[in-house]
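Below is one structure, written out as structure tokens; the observations come after it.
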Amino acid sequence: MVRTPPRRRDRVWTVIAIAGMPLLAAGLIVASALGAFSGIRSLAPLSSPPVVADYDQEQRDNAATIMRAARDLGLSVRDQAIGIMTAMGESSLRNIDHGDGETSGVTNPDGTPTTSIGLFQQQDGWGSRAERLDPYISATLFYRAMIMRAPDRDTLAPTLVAHRTQINQDPDHYARYWPRAVALIEALSGEESGLDP
């Protein structure tokens, strides 16, 4: 049997294919590494706190209820975050059935004992005990007061909006909770809020 030599064109393609294999393999490795790297870059920076993991189910449910109350009133994402920030500063997002007056003897400026309860630690003037202990109703009470007391809230720092609404002693009390409120609202909604933390 006589073998016919391969045609020149076939030999050229064979050489190209053999020579190109290492380049193809290298390209796949680089592409894979870049894909993995871009996936890592898309995660939150290591320095940011794992906000959702810091709160238990009760706290996350309360935050979601505060968001829902704001949405039902037609309020913005910023207003929702202000509500969550305020509840963080007042109760750590827990529906507390007692206030500082009962636990620490804290009084109001006029000397009367405080009667604050609930997520927002609202006193008797905010509503009935049942209303203040209902997360949705207490959030609605907070937002209605916010609308009245801070009509220019979009031009104010979030902590000042909360201060005007709650009428507490320290206007900067809530500022430390703002970044966590923004992160939590984004985690619960699954969307970027566009808010500066």
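In table form, for the structure just shown:
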| item | result |
| --- | --- |
| Residue 159 closer than 17 Å to residue 185 by Cα and buried (at least 17 other Cβ atoms within 10 Å of the Cβ) | yes |
| Looking only at the stretch 170-197, and only at residues there that are hydroxyl-bearing (Ser, Thr, Tyr) and assigned to a helix (DSSP H, G or I), the one that is nearest to residue 81 (Cα to Cα) | 177 |
| Near pairs, Cβ below 7 angstrom, 6+ apart or cross-chain, from the stretch 170-197 (free of Cβ contacts under 8 Å to residues at least 12 places away in the same chain) to any residue that is part of a loop (DSSP other than H, G, I, E, B) | 186/192; 186/193 |
| Pair list, Cβ under 8 Å, 6 or more apart: the stretch 93-118 residue closer than 20 Å to residue 62 by Cβ and not assigned by TED's automatic domain parsing to the domain that holds residue 174, other residue crowded, with 17+ Cβ neighbours inside 10 Å and at pLDDT below 80 | none |
| Qualifying residues in the stretch 139-156 (those that are under 19 Å from residue 62 (Cα atoms) and in contact (Cβ under 8 Å) with a residue 24 or more places away in the chain) - the one surrounded by the most Cβ atoms within 10 Å (Cβ to Cβ) | 139 |
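The values are calculated or read from the model by the stated rules, or taken from the named source; none is laboratory data. Source: prediction; values computed, not measured. All Cβ positions, even for glycine, are placed from backbone atoms using ideal geometry, and neighbour counts span all protein chains on display.
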